[in-house]
Ligand SMILES: [Zn+2]
């Protein structure tokens with residue numbers, strides 16, 4: 001689903017909390033989404049806004065409310081860093097107050113979410129203005145403060161908000177992309193034009209599904225059949241081979257540890273049965289394939 005909280009990666013706890021709010025139907029006047037940059041805080045805020053107004057509370061993308069949300073009817077972003085570009089202290093606060101007032105009621109939808117990005121940049125007066133809006137909540141308006149450092153927000157503001165922590169992303173989900181594979185991926189993309197997922201499975205009831213683990217296993221099985229490899233090969237073998245090839249190419253064990261998402265170097269050391277050579281350049285081993 002286009003704007004579903006279900007598709008937020010690596011933030012199970014935050015998503016569970018937001019969904020429980022959706023289920024309860026009791027929407028607090030303010031949230032604080034805090035955590036490192038690039039972990040999905042703003043995306044989650046937007047999807048939460050879609051889900052709030054959505055007729056099925058899922059961000060389905062097809063109901064009237066979701067369509068209205070596509071046009072920005074129920075979600076607005078105020079970026080505090082915009083106020084610090086060139087305006088003087090006094091104007092900054094009054095401009096912010098004015099902007100808050102323009103979002104003081106839900107328009108066509110039942111809910112209106114105002115997301116405040118870089119909210120830690122707010123000075124005391126700005127925080128006080130926002131606190132006033134939160135304490136006298138307008139009908140259907142909900143504020144989501146987005147910040148890296150929750151400590152920069154004053155205690156009253158924090159106590160009036162539901163705190164939602166976003167964890168750092170598991171490094172396991174990041175990987176170096178082979179240059180050769182990128183060329184293939186581009187060709188693939190142009191030919192198949194996937195819409196929701198990069199690799200899409202069967203279309204069920206007019207909806208595109210994610211490529212299944214089972215299908216991947218079948219593809220691997222067939223590929224192994226075409227080679228003369230008789231050993232048992234699983235998806236995990238690919239990961240092991242990736243690490244072993246990197247090591248054989250002389251990649252430092254510490255880099256491999258990060259790429260594999262191992263917390264302890266002990267786990268990575270199982271690969272040291274292969275001699276390390278002195279190369280210092282990481283290259284994706286797939287680039288050595290003649291494809
Ligand atoms: Zn919907």
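The numbers here are math on the coordinates, done by the rules we state, and not lab data. What you are looking at is a predicted structure, and each value in this text was computed from that prediction instead of being measured.
Suppose the chain between residue 189 and residue 202 were pulled fully straight at 0.36 nm per residue; how much longer would it get relative to their current alpha carbon spacing? Before the final figure, lay out the partial values.
Numbers: separation 13, 0.36 × 13 = 4.68 nm, distance 1.67 nm.
Full-extension gain reported as 3.0 nm.
Just the Cα atoms of segment 16-70: what Rg and Dmax do they give in Å?
Over segment 16-70's Cα set, Rg and Dmax evaluate to 11.7, 34 Å.
Shape of segment 1-136 from its Cα gyration tensor (a ≥ b ≥ c, root eigenvalues): rounded if a/c is under 1.5, otherwise prolate when a/b > b/c, or oblate? Mind showing how you got there, number by number?
Numbers: a/c = 1.99, a/b = 1.59, b/c = 1.25.
Because a/c hits 1.5 or more and a/b exceeds b/c, segment 1-136 counts as prolate.
By how many degrees, 0 to 90 and rounded to 10, does the Cα axis of helix 213-226 deviate from the longest principal axis of the chain?
Approximately 20 degrees, to the nearest ten.
Can you give the Kirkwood hydrodynamic radius for segment 27-106, in Å, rounded to one decimal and based on Cα pairs? Numbers along the way, then the final one.
Working: mean 1/r = 0.0685 Å⁻¹.
Roughly 14.6 Å, rounded to one decimal.
Rounded to the nearest 10 degrees, what's the angle between the helix 41-53 long axis and the longest principal axis of the chain, both from Cα atoms, 0 to 90?
Helix 41-53 sits roughly 60 degrees off the main axis of the chain.
Which angle from 0 to 90°, rounded to the nearest 10, does the C-alpha axis of helix 89-102 make with the longest principal axis of the chain?
The angle comes out at about 90 degrees.
What number results when the radius of gyration of segment 77-224, computed over Cα atoms, is divided by 2.2 N^0.38 Å? Could you put the intermediate results ahead of the total?
Details: Rg = 23.2 Å, N = 148, 2.2 N^0.38 = 14.7 Å.
Computed over Cα atoms of segment 77-224, the ratio equals 1.58.
Taking every pair of alpha-carbon atoms in segment 176-270, give the share separated by more than 17 Å as a whole percent. Numbers along the way, then the final one.
Working: 3003 of 4465 pairs.
That fraction is 67 percent.
Just need the relative contact order of the chain here, percent rounded to a whole number, with Cα pairs under 8 Å and 6+ apart.
Working: 400 pairs, mean separation 53.5, N = 291.
With pairs under 8 Å counted, the relative contact order is 18 percent.
Please express the Cα-Cα pair-distance distribution P(r) of segment 59-148 as a list of whole percents, one per 5 Å bin, running from 0 to the bin with the greatest distance.
Result, from short to long distances: 3, 14, 24, 23, 17, 11, 6, 3, 1 percent.
In nm², what is the average projected area of the convex hull enclosing the Cα atoms of the chain? Let's see the in-between values first.
Values: hull surface 82.4 nm².
For the chain, the mean projected area of the Cα convex hull comes to 20.6 nm².
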